[in-house]
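The values are calculated or read from the model by the stated rules, or taken from the named source; none is laboratory data. Not measured: the values here are computed from a predicted model. Methodologically, a virtual Cβ is constructed for each residue, glycine included, from the backbone with ideal geometry; neighbour enumeration extends over all protein chains shown. In case anyone asks, the SASA skips ligands and DNA or RNA and just uses the protein heavy atoms, side chains included. Shrake-Rupley method; radii C 1.70, N 1.55, O 1.52, S 1.80 Å.
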Amino acid sequence: MPQQYRTRFAPSPTGFLHVGHAYAVIQIEQWATERDAKVLLRIEDIDPTRCRPQWIEPIQQDLQYFGFAWDSEVRQQSQYLDHYQQALQHLRDLDVLYPCFCTRRDIQKSLQNQSKPSQFFDAYPQTCKHLRTQEQQKRMAYEPFAWRLDCEKAMRMVQQPMIWSEQGETHTVHIQDMGDVVLARKDIGTSYHIAVVVDDALQGVTHIIRGDDLFSSTPIHVLLQHLLGLPTPIYHHHPLLCHLDGERLAKSQQSIHLRHLFEAGISSQYLRDYLDHCDGVWGFPSHTSAIDIAHQLGS
Ligand code: GLU
């Protein structure tokens, strides 16, 4: 029997879902329906500075009201921090991580003093990369630190060319697309990059359909998949829903929250029809109220 494809929707519970999320859900559903694929829901809540448990239920309610059907149990990342620690330990065993003690200010200052701009996507000036083991250990005992990926070493370690498929096109991972990214933050001991790569593999995700704001993270994810011995899914990054002038929707704008649009009388079918035909453009200026949007949609 051919393998059943799996994809996922992975919101972070930072507030109510908005029309940009609904647009992303539609992209996932269309892709999945055409292929009879399984669709999973994952709550990406490893960052307690941005995520709140009380947003999880409203997110699921709004998704249900919108008619999004997800397939099996919901994976909530904060329940699986030990899985991410195991992956980090694996990378430490490979010796491709180093502790970084820099504060944001330290980094900004060194970047200002640099004569030429970094060629890397993640412009870390590599201040802590060459610390001696003895100094690292001394400082680790009393200073907060993050773990960064030594991307040059990691790229050397994976000997075969690293590629991924994006809508039928093949992309290659280049070192200048990544930099020494943080894989375990000082405050939470893990990161989005680690959690997403581990979960996609654990949940058997074969295809990732997500917004193109995450395209630049994909080379990092593919490198991590190679280092951790995990499969590389097929990627499809779709354009984000934007205003007419191309500007991104501001999450803080209440009138684009699904909850407020539904309360203003817009049915999920109306919203679906609009998003299906809008060509990626949310044609309402940012000051338009949910009630006015409802009138203009004629619902
Ligand atoms: N949790 C991420 C977000 O809300 C999505 C991550 C992903 O799809 O890889 O933007």
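Annotations for the structure displayed:
- Convex hull per residue volume in Å³, alpha carbons only, for segment 149-276: 169 Å³
- Dipole magnitude for the chain: computed about the Cα centre from +1 point charges on Lys and Arg Cβ and -1 point charges on Asp and Glu Cβ, it is near 1100 debye.
- By the beta carbon rule, with partners counted only under 4.7 Å, the chain holds these lone Cys residues: Cys51, Cys102, Cys151, Cys242, Cys278.
- Taking packing as the residue-averaged number of other Cβ atoms within 10 angstrom, the listed peptides 9-15, 230-236 run from highest to lowest as 9-15, 230-236.
- The C-alpha atoms of segment 236-276 occupy a region whose extents along the principal axes are 29, 23, 19 Å, arranged from largest to smallest.
- Under the criterion of Cα pairs below 8 Å and six or more residues apart, the relative contact order for segment 113-241 equals 28 percent.
- Percent carbon-and-sulfur accessible area, the chain, ignoring ligands, DNA and RNA, probe 1.4 Å: 48 percent
- The Rg/Rh ratio for the chain is 1.00, where Rg is the radius of gyration of the alpha carbons and Rh is the Kirkwood radius.
- Label point distance in nm, Arg139-Gln159, each placed 7 Å from Cα along Cα→Cβ: 3.4 nm
- Averaging Cα coordinates gives a centre for segment 123-144 and one for segment 75-99; these two points are 19 Å apart.
- Among Asp180, Asp45, Asp93: highest mean-square fluctuation, GNM of the chain, C-alpha pairs under 10 Å: Asp93
- Whole-number accessible area per residue in Å² for segment 175-299, which is evaluated in the context of all protein chains at 1.4 Å: 42 Å²
- The charge dipole of segment 1-66, taken about its Cα centre with unit charges on the Cβ atoms of Lys, Arg (+1), Asp and Glu (-1) only, comes to about 160 debye.
- Segment 197-251 has equivalent-ellipsoid semi-axes of 27, 11, 9 Å, by the square roots of 5 times the alpha carbon gyration tensor eigenvalues, sorted largest first.
- Separation of segment 241-290 from segment 15-56 is 16 Å, based on Cα centroids.
- Relative contact order of the chain: 20 percent, from C-alpha pairs under 8 Å at least 6 residues apart in sequence.
- Entries in Lys109/Lys251; Lys109/Lys129; Lys138/Lys186; Lys38/Lys251 that, when Cα-Cα distance is taken, lie over 26 Å: Lys109/Lys251; Lys38/Lys251
- In segment 1-129, the C-alpha radius of gyration followed by the widest Cα-Cα span (Dmax) gives 19.9, 60 angstrom.
- What segment 86-168 shows is 68 Å² of accessible area per residue, with the surface traced by a 1.4 Å probe over protein heavy atoms.
- Kirkwood hydrodynamic radius of segment 39-198, from inverse mean 1/r over distinct Cα pairs, in Å: 18.3 Å
- Nitroxide proxy distance, nm - points 7 Å out along Cα→Cβ at Leu111 and Thr288: 3.6 nm
- When the convex hull of its Cα atoms is projected in every direction, mean area for segment 56-150 (nm²): 10.4 nm²
- Positive-end residue, the chain charge dipole about Cα centroid, Cβ charges, pick of Ala32, Ile220, Thr7: Ile220
- Cβ crowding within 10 Å averaged over residues, with 190-200, 275-285, 28-38, 58-68 ranked highest first: 190-200, 58-68, 28-38, 275-285
- Point-charge dipole on Cβ atoms (K/R +1, D/E -1) for segment 155-208, about Cα centre, debye to 20: 240 debye
- When the charge dipole of segment 29-97 is built from unit charges on Cβ atoms (+1 for Lys and Arg, -1 for Asp and Glu) and taken about the Cα centre, the candidate among His83, Trp70, Leu41 whose Cα reaches farthest toward its positive end is His83.
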